[in-house]
Amino acid sequence: MHEDVLILGSGYIGKELYQQISSSQGSTASLLNRTTGGYRKSYDMFLEEIKIRIEKFKPRTLINCVGVFDSSDVFDDESLKFDKIFVANTKFAWDVSRIFCRNTERASTWRNIVNIGSESAHIPHTDSALYCASKAALKMLTKNMARDLRDEKICAFQIDPGVVRESPMSKDVLSKGKTEVSSIEVERLCEFIICILSFSPYVNGNCYKIGNIIR
Ligand SMILES: NC(=O)c1ccc[n+]([C@@H]2O[C@H](COP(=O)([O-])OP(=O)(O)OC[C@H]3O[C@@H](n4cnc5c(N)ncnc54)[C@H](OP(=O)(O)O)[C@@H]3O)[C@@H](O)[C@H]2O)c1
């Protein structure tokens, strides 16, 4: 059995991406989420589910739409936030990329790892130090994977959107008065991701900032 694309994280962006890819001719996609039917799997259980899916369907492309936003400042005394944000935004990408590399096979066509980062990987935003740092770390992880995996014919790149309009995450961001961020509609963002994917492997190691300034 074979599927083209495995999307991780059925949040606002993951769902739209799944719809666009599944409705385009000649592509198949599947979507996995850690929470299903109100039940939230542990981190390790979710990784195990992903491994089983990858072993069975051998997707050629992995798109990681998992992440959390949380505002933070240096006076925050909730130290657990650091782990929560870095696990979701950085560590998860590392763990699933390793599973993907080990359980899919080299062929004449390239395999792809696509991470959804954020504009915050490039620009500091008020009261978002941990989010920005976790996305900046993800950016360097993507770039290094691109370098280390190219001989295996794996292309890794990252899409770094500004605020995605109407998304639940955008409400958190904008409620903090972050008007310095740029924005984009989810439909346009997903069209952009699919378009960039079509240029694999020429996009290996690149991180694409997308969004226009809100005024
Ligand atoms: N929305 C925006 O404005 C925006 C802007 C720039 C970048 N991004 C980035 O785009 C990605 C997707 O955003 P979105 O708007 O689709 O967010 P969303 O609707 O909040 O979805 C986030 C997804 O991540 C999953 N998740 C969170 N923490 C996890 C963890 N520790 N382990 C496994 N899964 C976890 C959630 O699963 P559950 O359903 O189980 O919670 C959900 O499927 C994120 O990386 C985000 O940082 C979003």
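The values are calculated or read from the model by the stated rules, or taken from the named source; none is laboratory data. Computed from a predicted model, the values in this text were never measured in an experiment. Every residue, glycine among them, receives a Cβ derived from its backbone with ideal geometry; neighbour counts consider all protein chains shown.
Here are the numbers for this structure:
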quantity: Inter-residue pairs, beta-carbon under 8 Å, first within 16 Å of the ligand (Cβ to nearest atom) and in the stretch 186-205, second aromatic (Phe, Trp, Tyr) and not in a helix (DSSP H, G or I), 6+ apart; calculated: PHE192/TYR208; ILE196/PHE157; ILE196/TYR208
quantity: The stretch 1-40, subset among the polar types (S, T, N, Q), more than 9 Å from the ligand (Cβ to nearest atom) and in a loop (DSSP other than H, G, I, E, B), residue farthest from CYS65 (Cα to Cα); calculated: GLN25
quantity: Residue tally, condition buried (at least 19 other Cβ atoms within 10 Å of the Cβ), touching a Ser or Thr at 6+ places or on another chain (Cβ under 6 Å) and of a type in the set (A, V, I, L, M), over the stretch 103-144; calculated: 3
quantity: Cross-chain or 6+ apart pairs with Cβ under 6 Å, the stretch 41-62 first and more than 11 Å from the ligand (Cβ to nearest atom), then at pLDDT below 95; calculated: ILE54/ASN103; GLU55/ASN103; PHE57/MET1; PHE57/GLU3; LYS58/HIS2; LYS58/THR104; PRO59/GLU3; ARG60/ASP4
quantity: Those residues of the stretch 73-113 which are acidic (Asp, Glu) and closer than 22 Å to ASP148 by Cα, in sequence order; calculated: ASP95, GLU105
quantity: Residue count for the stretch 106-129, restricted to those that are assigned to a helix (DSSP H, G or I) and either within 12 Å of the ligand (Cβ to nearest atom) or farther than 16 Å from PHE86 by Cα (or both); calculated: 3
quantity: Matching residues in the stretch 141-165 - criterion: being acidic (Asp, Glu) and free of Cβ contacts under 8 Å to residues at least 24 places away in the same chain; calculated: ASP148, ASP151
quantity: From SER200, SER182, SER118, residue being of a type outside the set (Lys, Arg) and under 16 Å from the mean Cα position of the chain (by Cα); calculated: SER118
quantity: Pick from the stretch 49-85, criterion of a type in the set (A, V, I, L, M) and assigned to a helix (DSSP H, G or I), ranking: modelled with the lowest pLDDT; calculated: LEU80
